[in-house]
Amino acid sequence: MTSTASCARPSLVGPDMDRDRGSITVWLALSAVVMIILVGVAVDLCGQVYAKQRCQDIAAQAARAGGQQLDAGTAIRGQGAIADPSAAVGAAKTYIAGTTDVTGTATATADTVTVTTNSTYQTKFLSIIGIGSLPVSGHAQAHITRAVGGVAR
């Protein structure tokens with residue numbers, strides 16, 4: 001007795017296999033484009049955060065510089081620490097002017113110097129879709145207090 005049964009194998013070539021040809025290539029190309037866009041957005045958003053931190057730091061340092069401009073007469077007599085408002089604003093603006101690409105304003109009262117800074121972050125990847133820059137700003141206040149022996153008076 002001989003057996004004539006044979007194992008039927010599915011054909012690797014045929015109408016069913018031709019319609020899937022190249023589908024992975026399209027998927028891979030679209031995935032690569034999406035990944036490049038996501039990396040670009042991440043780079044530009046991180047750059048904007050860095051620029052904002054820089055703006056904030058410049059505002060804080062300008063406020064500190066302004067807060068050091070005291071009215072010498074009252075300070076020498078021991079009557080208190082009071083800011084010279086015009087000198088405080090001038091010192092804060094001078095500090096801001098010494099930085100690149102940052103502008104700002106400063107105001108002062110007898111006990112507070114307030115500084116606001118503005119700048120723009122020039123995008124690296126988002127400019128491809130028309131977003132060439134992102135605005136950033138910083139804000140800081142310096143409060144002037146008199147301390148004797150480490151205690152505010």
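The values are calculated or read from the model by the stated rules, or taken from the named source; none is laboratory data. Just so we're clear, the structure is a prediction, and the values are computed from it rather than from any experiment. No Cβ is skipped: glycine too gets one built from the backbone with ideal geometry, and neighbour counts run over all protein chains shown.
Miscellaneous remarks
- Some residue of the stretch 100-114 being at pLDDT 85 or above, in contact with a Leu (Cβ under 7 Å, 6 or more places away or on another chain) and charged (D, E, K, R): no
- Residues within the stretch 134-153 that are surrounded by 14 or more Cβ atoms within 10 Å (Cβ to Cβ) and farther than 20 Å from Lys93 by Cβ, tallied: 2
- Among residues of the stretch 19-36 that are in a helix (DSSP H, G or I), none has a Cβ under 8 angstrom from a residue that is modelled with pLDDT of 85 or more at a sequence gap of 6+ or on a separate chain.
- For Arg54: the one exception among (1) surrounded by 14 or more Cβ atoms within 10 Å (Cβ to Cβ); (2) basic (Lys, Arg); (3) at pLDDT below 90: (3)
- Residue match in the stretch 127-136 (condition: in contact with a Phe, Trp or Tyr (Cβ under 8 Å, 6 or more places away or on another chain) and aliphatic (A, V, I, L, M)): yes
- Selection count, the stretch 87-122, where residues are crowded, with 21+ Cβ neighbours inside 10 Å and within 12 Å of Asp44 (Cα to Cα): 1
- When Ala72, Ala83 are checked against the criterion of being modelled with pLDDT under 95, surrounded by 14 or more Cβ atoms within 10 Å (Cβ to Cβ) and more than 24 Å from the chain's Cα centre (by Cα), a single residue qualifies: Ala83.
- Of the residues making up the stretch 98-153, those that are under 22 Å from the mean Cα position of the chain (by Cα) and small (Gly, Ala, Ser) number 11.
- Meets criteria (closer than 30 Å to Val34 by Cβ and either β-branched (Val, Ile, Thr) or assigned to a helix (DSSP H, G or I) (or both)) for Gly47: yes
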